[in-house]
Amino acid sequence: TDRSREPNCPGSLIVVSNRQPYRHEYDESDDERSVSVDEPTGGLTAGLDPVCQRTNGTWIAWGDGDADFDVADDRHCVSVPPSSGAYTLRRLDLSEDAVDSYYRGFSNRVLWPLCHGFTDLLEERPNDFEWYRSVNDQFATAVADHADDDSVVWIQDYHFALAPRTIRDSIPSSAAVAQFWHIPWPTPETFRDCPAAVGILEGLLGNDLLGFHVDRYAKNFLECVERALPSATVDRDRHTVRYDGEATTVVATPMGVDAKRYDRNARSADPSRLSSVFSTNGVSSETVLGLGVDRLDYTKGIPERLAALERFFERNPRWRGSFTFVQKATPSRTEIPAYQRYGEFVRDEVERINRRFATEDWRPIVYTDSYLETETLAALYRRAEVMIVSPLVDGMNLVAQEYVASSSDADGTLLLSDRTGAHERLGSHAFTIDPTDVDGFARRIDDALSTPRHERRRRMSALRNRVFDRDIGWWMATQFDWIRRVHDDRQHEGHS
Ligand code: G6P
């Protein structure tokens, strides 16, 4: 693979995502209330932003109460980045009802639990689906405003399962529509519980290209199509579905991280930044450090991790006082009861385990849900001897890759759940865990801590090769190669 390849989009790019790449905020200390702009931080946003800049594209996202509505034109468009204004960011100003039903409702009370196989958490509320449809239509209309003959529309994630079909029907036929589904796709048995299953599949088949992280999800998707849409033709060898006169190519491309940036940040990170996290927690430079970094989400297996740590300290008293596990959690979707209950349970468990083992100058678990700056997180990643990534289900898991990229001394160890997309590439050199097997998991923590240095380095070097080889640039270049093919097909059909 050619790592230096710059991902290039075959046409003018229109990105559609729920979250926006830039946030405008008022400076409250300033009487003029001047507006300042946050740079993109997430991996996907940081990766797509330069491509959008090169193609003078458009990015359409939910405005989420942004201060930009004062600086924008009447379509709520602003030019970003502020320095060059290379592309248009269009923000949709969604009503509170719309957000509650589309985002907190159908997206995160139905599709998220369903696709992760947590059907017991699936919650169908009246109107949620209708709002989901109407917000998808709103995005589709916005896309149509900006699309021309040569456009490439690239939709991100499960917030937009219906939009592709509407977009397809309302933009020039020579323009291409693609989508990447960043979470798992469930088996047909699970997908049966999906309200509006047929509409969801038909919506997604409006895409010329549909991407997943791993083959298993793509396969599940094709099986769901076969079962729910008898008139669709699935060609597994050519990875395509024909439905209603149109073809959709379905591919698997595992997403990567900006490995070089994580490595650079880790190398330059100042360890003294960690004193803010550690000062009162009895962590010294001698302490062996374990680390978990997760959104506070019921898919992430945090209680299972805590149970394994408890078992580990029970069985290995020699580690009491010298090993500390730091759990950095990012509160997420906190208006949804399942997330509130989960957050409370995690915090209670941390307290209970700490009460059980803590001594006067040591605590087994340091929990923080405060915001950590990029530099602090980089210092933490580099400092941690053992990283634990233990989701019960995870489409990919980028944190595991971030840790590997940040392990600049090739000296850390990664414990990785075999139920993550990331495990398909990293499993053979990570310490594999089954998050639900408390005893096995606890033994793996002990194994990781007892592994001799040369073996740790051998494993980590192999992991680093994989993460650097298939980084975010590779992922985007691969997706754009596929997009180029479907775009070429469209352009030919359009002119024949
Ligand atoms: C997952 C989803 C993303 C989402 C992120 C954060 O990674 O695939 O689409 O943006 O979680 O969740 P949030 O609901 O805060 O956007």
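The values are calculated or read from the model by the stated rules, or taken from the named source; none is laboratory data. Nothing here was measured: the structure is a model prediction, and the numbers come from that model. All Cβ positions, even for glycine, are placed from backbone atoms using ideal geometry, and neighbour counts span all protein chains on display.
One table, with the values for the structure above:
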quantity: Hits in the range 135-161 - residues which are away from the ligand (no atom under 16 Å from the Cβ) and over 19 Å from ASN56 (Cα atoms); calculated: ASP137, GLN138, ALA140, THR141
quantity: Counted residues, the range 313-330 - those being within 16 Å of VAL288 (Cβ to Cβ) and in a strand (DSSP E or B); calculated: 5
quantity: Breaking point among (1) of a type outside the set (Gly, Ala, Ser); (2) under 21 Å from the mean Cα position of the chain (by Cα); (3) away from the ligand (no atom under 16 Å from the Cβ), for LYS300; calculated: (3)
quantity: First in the range 75-97 and more than 25 Å from GLU335 (Cβ to Cβ), second anywhere and among the aromatic types (Phe, Trp, Tyr) and in a strand (DSSP E or B), Cβ under 9 Å, 6 or more apart; calculated: SER79/TYR87; VAL80/TRP59; VAL80/TYR87; PRO81/TYR87; TYR87/TRP59; THR88/TRP59; LEU89/TRP59; ARG90/TRP59
quantity: Residue selected from the range 110-133 under the condition of a type in the set (Asp, Glu) and in contact (Cβ under 8 Å) with a residue 12 or more places away in the chain, by the criterion surrounded by the most Cβ atoms within 10 Å (Cβ to Cβ); calculated: ASP128
quantity: Criterion violated by TYR371 - all others in (1) within 16 Å of the ligand (Cβ to nearest atom); (2) of a type in the set (Phe, Trp, Tyr); (3) assigned to a helix (DSSP H, G or I) satisfied; calculated: (3)
quantity: Yes/no for GLU25 being surrounded by fewer than 16 Cβ atoms within 10 Å (Cβ to Cβ) and either closer than 21 Å to LEU94 by Cβ or in contact (Cβ under 8 Å) with a residue 60 or more places away in the chain (or both); calculated: yes
quantity: Failed item, numbered, when TYR342 is tested on (1) surrounded by fewer than 17 Cβ atoms within 10 Å (Cβ to Cβ); (2) within 16 Å of the ligand (Cβ to nearest atom); (3) among the aromatic types (Phe, Trp, Tyr); calculated: (1)
quantity: Among (1) more than 16 Å from the ligand (Cβ to nearest atom); (2) closer than 20 Å to ARG458 by Cα - the single one ALA400 does not satisfy; calculated: (1)
quantity: Candidate set from the range 296-328 (those that are more than 14 Å from THR359 (Cα to Cα) and among the polar types (S, T, N, Q)); member that is surrounded by the most Cβ atoms within 10 Å (Cβ to Cβ); calculated: THR299
quantity: Residue match in the range 190-209 (condition: crowded, with 17+ Cβ neighbours inside 10 Å, within 18 Å of PHE106 (Cα to Cα), within 16 Å of the ligand (Cβ to nearest atom) and among the charged types (D, E, K, R)); calculated: no
quantity: Failed condition for ASP469, given (1) more than 19 Å from GLU6 (Cβ to Cβ); (2) surrounded by fewer than 20 Cβ atoms within 10 Å (Cβ to Cβ); calculated: (1)
quantity: Considering residues of the range 405-423 that are assigned to a loop (DSSP other than H, G, I, E, B) and more than 26 Å from ALA269 (Cα to Cα) only, the residue nearest to the chain's Cα centre (by Cα); calculated: GLY421
quantity: Number of the exception - ASP93 against (1) surrounded by 21 or more Cβ atoms within 10 Å (Cβ to Cβ); (2) modelled with pLDDT under 95; calculated: (1)
quantity: Selection status of ASP411, exposed (fewer than 14 other Cβ atoms within 10 Å of the Cβ) and either in contact (Cβ under 8 Å) with a residue 60 or more places away in the chain or farther than 30 Å from LEU13 by Cβ (or both); calculated: yes
quantity: Conditions (1) under 20 Å from the mean Cα position of the chain (by Cα); (2) of a type in the set (Asp, Glu); (3) surrounded by fewer than 15 Cβ atoms within 10 Å (Cβ to Cβ): number failed by GLU402; calculated: (3)
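To keep it simple, each residue is scored yes or no on (1) of a type in the set (Lys, Arg); (2) surrounded by 14 or more Cβ atoms within 10 Å (Cβ to Cβ); (3) part of a helix (DSSP H, G or I); (4) touching a residue at least 12 places away in the same chain (Cβ under 8 Å).
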site: ARG347; (1), (2), (3), (4): yes, yes, yes, yes
site: ARG356; (1), (2), (3), (4): yes, no, yes, yes
site: GLU375; (1), (2), (3), (4): no, yes, yes, yes
site: ARG382; (1), (2), (3), (4): yes, yes, yes, yes
site: MET387; (1), (2), (3), (4): no, yes, no, yes
site: ARG425; (1), (2), (3), (4): yes, yes, yes, yes
site: LEU449; (1), (2), (3), (4): no, yes, yes, yes
site: ARG459; (1), (2), (3), (4): yes, yes, yes, yes
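Yes/no per residue for (1) in a helix (DSSP H, G or I); (2) more than 16 Å from the ligand (Cβ to nearest atom); (3) buried (at least 16 other Cβ atoms within 10 Å of the Cβ):
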{"residue": "ASP30", "(1), (2), (3)": "no, yes, no"}
{"residue": "PRO40", "(1), (2), (3)": "no, no, yes"}
{"residue": "CYS52", "(1), (2), (3)": "yes, yes, yes"}
{"residue": "ILE60", "(1), (2), (3)": "no, no, yes"}
{"residue": "SER79", "(1), (2), (3)": "no, yes, no"}
{"residue": "SER101", "(1), (2), (3)": "yes, no, yes"}
